[in-house]
Amino acid sequence: MEENKIHLLYLDGIDKSIIRELLLDSRTPIQKIARKIKISGPAIHQRIRKLESKGLIIGSSVKLNSKLLGYNTLAFIGVFLDKAIRNPEAVDELKKIPEILECHYTTGNWSILIKILCKDNEHLMKLLNDNIQSIKGVSRTETLISLNQQIDRNINI
C-alpha cells in the first residue's frame, strides 16, 4: 500500500517572487510580473504551470465582500457529537448548509469546528436550531460570534 505523503517542494527566489505577486492579486498579468521580476513572460508562465502541476498553486479565487450581500454575522461553531463514528454522516449533513464556509475535524473539546456566515444573529439562531442541532449525532453546539476579523492572510513565502 502506497503512503499518501506530501513531498516538500524546493522554491528558488524567482518562484517565491512569482508567488508573492500572485498572492497580492491572482489576476496580475504575466507580463506585469515578468517586467517586475525581469525575466520573460513565457518563463513566468512556465513556472506558474510547474507550480500548479506540483500542487503548490491551487486555482485562483475571487473574494466577495459579504457585507454588501447582506451577510453580517460571522461565527465559529464547535459541534459536539455523541459518538466520533458519526463524523462522516454529520459532515455530509453540514455540507448541505450553504452558509457554512469551512468545516474542520478537530482535537480538543469539539468534534467538529465550523465557520458560518449569516445575515444576522436571527439567521444564525435559525440555522443552529433548525439545521445544525437537528443533525443526527449532534449532542450540542458552542457558538462564538466574530466581532471583527483583524488578520486575514496567506502563509508567508
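Numbers below:
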quantity: Tail fraction, Cα-Cα pairs, the range 66-146, threshold 20 Å, whole percent; calculated: 25
quantity: Contour excess over end-to-end distance, with Cα ends at residue 36 and residue 62 and 0.36 nm allotted per residue; calculated: 7.0 nm
quantity: Mean projection area, nm², convex hull over Cα of the chain; calculated: 12.8
quantity: Least to most buried among 20, 47, 140 (fewest other Cβ within 10 Å first); calculated: 140, 20, 47
quantity: Value at 222 nm in deg cm²/dmol, rounded to 500, when DSSP H runs of n ≥ 4 in the chain each add -39,500 (n - 2.57); calculated: -8500 deg cm²/dmol
quantity: Cross-link table 32/115; 36/67; 16/50; 16/36; 67/136; 54/95, entries beyond 24 Å C-alpha to C-alpha; calculated: 32/115; 36/67; 67/136; 54/95
quantity: Cα shape, the range 106-157, gyration tensor, a/c 1.5 rule; calculated: oblate
quantity: At q = 0.11 Å⁻¹, base-10 log of I(q)/I(0) for the range 4-76 (Debye sum, equal scatterers on each alpha carbon); calculated: -0.40
quantity: Residues in the range 44-61 reached by a label modelled at residue 12 [backbone nitrogen below 20 Å; 7 Å Cα→Cβ]; calculated: 44-57
quantity: Length added when fully stretched, residue 72-residue 151, from 0.36 nm per residue minus Cα-Cα; calculated: 26.7 nm
quantity: Cα gyration tensor, the range 13-53 - rounded (a/c under 1.5), prolate or oblate; calculated: rounded
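Laboratory data are not the source of any read-out in this text; all were calculated from the coordinates shown. In this text, all values refer to a predicted model and were calculated from it rather than measured experimentally. Every residue, glycine as well, gets a Cβ built from its backbone with ideal geometry; the counts of neighbours run over all protein chains shown.
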